[in-house]
Amino acid sequence: MRILIIHNRYQIRGGEDECYEAEVSLLREMGQQVQVYEANNDRVAKLGKLRLAADTVWSGESYQTIEHQFQKQRPDVVHVHNFFPLISPSVYYAAKRAGIPVVQTLHNYRLLCPNALFFRDGKVCEDCLGQIIPYPGVIHGCYRENKVASAGVATMLGVHRTMNTWTKMVDLYITLTEFARQKFIAGGIPAEKIVVKPNFVRPEPEVGNGNGGYALFVGRLSVEKGLDTLLAAWEHLDHQIPLKIVGDGPLADQVVAATKRLPLVEWLGRKPMAQVHELMGEAKFLVFPSKWYETFGRVAVEAFAKGTPVIAANIGAIAELVDSGRTGLHFRPGDAADLADKVKWVLANPEKLAQMRQEARLEFEAKYTADQNYQQLMEIYQQVSISKDRL
């Protein structure tokens, strides 16, 4: 099958970039003919504000490039991972004009929310959900904390909602969890146009032994990731278990301050993936304290691959991924005392923790391997190709 994959990279490599790269690599290794069209946000600084705003709504450059690519080699399917902000939804229209089916993976909530997170002022916010023009996001400057930039995003969303771009120009959407699927349905995407396909971990890590004697956090050091809840919980724990923190971000100073105040908290900064997986395998458990509606939770799945249970906030997709009592535990989002209680319970029940380790690995093998993901992805491509042939 000939597949054109489209992706707008971020300036700082993020989870969407990793998932996109993993799919491209997997498809090519399985013998599929994959072309790639990329934009990189490094270009944003070189564009004027008016040009960037215009390109966000409709990029003539992307439309022409894709149209020219179709003339050279017509793909069987176009798969868009991220079009924002440089590529724009114009690529949908180029594919539609050529009669090529379009699949869009929804890695975040950008089609429904200007900041793509449903998160504002330290808590979940759904003010823009279902709005034709998401004006609350403009009022609060939700995109980059800038009202002008937020107005540009809101314009893009409003224009394309009015043009029925989201409902007519995309043949099938992929969400990573059922939770995310339900949010997009609530936001106006037809239910029959959304399927669930999770991310995967590849290469497949070997199972760890959990003998490191510490808890682990891996992720961006930011408000929505629940760093304040995590650090406050270790205030409650009174030196019961060390906590290692892997990652970087805007709250790094708070983490540094916590390491000085709490001797058992250690900040390791960014680490290569191989080292992260090694740390996961040795950890007693991973803590996932997010406050926002995660669309997936790749870190949790990586922990499962290593046989490491996850103590997760009972919110969004991460609550769906973690089966409380089997592959980990849930705690009330933002409740440091409840998180501390769950940690104490795990430490007091080593036999149950050992059972959770086995179940976590089984969960990975059942749902998140590359082989399974490849089969699901090819079924999706076949589905949209057959639907186009019937028209």
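Any read-out appearing in this document is the output of simple, stated calculations on the displayed coordinates, not a laboratory observation. For clarity, every value in this text was computed on a predicted model and none was experimentally measured. All Cβ positions, even for glycine, are placed from backbone atoms using ideal geometry, and neighbour counts span all protein chains on display.
Side notes on the structure shown:
- Treating each Cα of the stretch 215-367 as an identical point scatterer and summing with the Debye formula, the log10 of I(q)/I(0) at q = 0.13, 0.16 Å⁻¹ comes to -0.50, -0.79.
- Its Cα gyration tensor gives the stretch 170-297 an equivalent ellipsoid; the semi-axes, largest first and in whole Å, are 32, 19, 12.
- Over 25 Å (Cα to Cα) - which of 225/271; 183/244; 260/306; 244/306 fall in this group: 183/244; 260/306
- Zero-based 10 Å bins, Cα pair distances in the chain, whole percents: 5, 22, 31, 25, 14, 3, 0
- Residues of type aspartates and glutamates that residue 344 reaches as a straight line, Cα spacing below 16 Å, ignoring anything fewer than 8 places off in the same chain: 235, 238, 335
- Distance in nm between pseudo-label sites at residue 68 and residue 47 (7 Å out along the Cβ direction from Cα): 1.7 nm
- The stretch between residue 379 and residue 28, if pulled fully straight at 0.36 nm per residue, gains 124.7 nm over its current Cα-Cα span.
- When each of 293, 63 is scored by the number of other beta-carbon atoms lying within 10 Å, the sequence from fewest to most is 63, 293.
- Tilt relative to the chain, helix 350-367 - C-alpha long axis, 0 to 90 degrees, to 10: 10 degrees
- DSSP beta bridge pairing in the chain, given as percent antiparallel to the nearest 5: 5 percent
- The stretch 221-290: trypsin sites (Lys or Arg not before Pro) falling in loop per DSSP and having at most 14 other Cβ within 10 Å: 270
- Subtracting the Cα-Cα distance of residue 144 and residue 253 from 0.36 nm times their residue separation leaves 37.2 nm of extension gain.
- Each label point was placed 7 Å from the Cα along the Cα-to-Cβ direction; for residue 36 and residue 345 their separation is 4.4 nm.
- Extension gain, residue 167-residue 97: 0.36 nm per intervening residue step, less the Cα-Cα distance, totals 23.6 nm.
- Theoretical ellipticity at 222 nm over the chain - DSSP helices of four or more residues, -39500 (n - 2.57) apiece, nearest 500: -13500 deg cm²/dmol
- Modelled this way, with points 7 Å down the Cα-to-C-beta line, the labels at residue 209 and residue 195 are 4.3 nm from one another.
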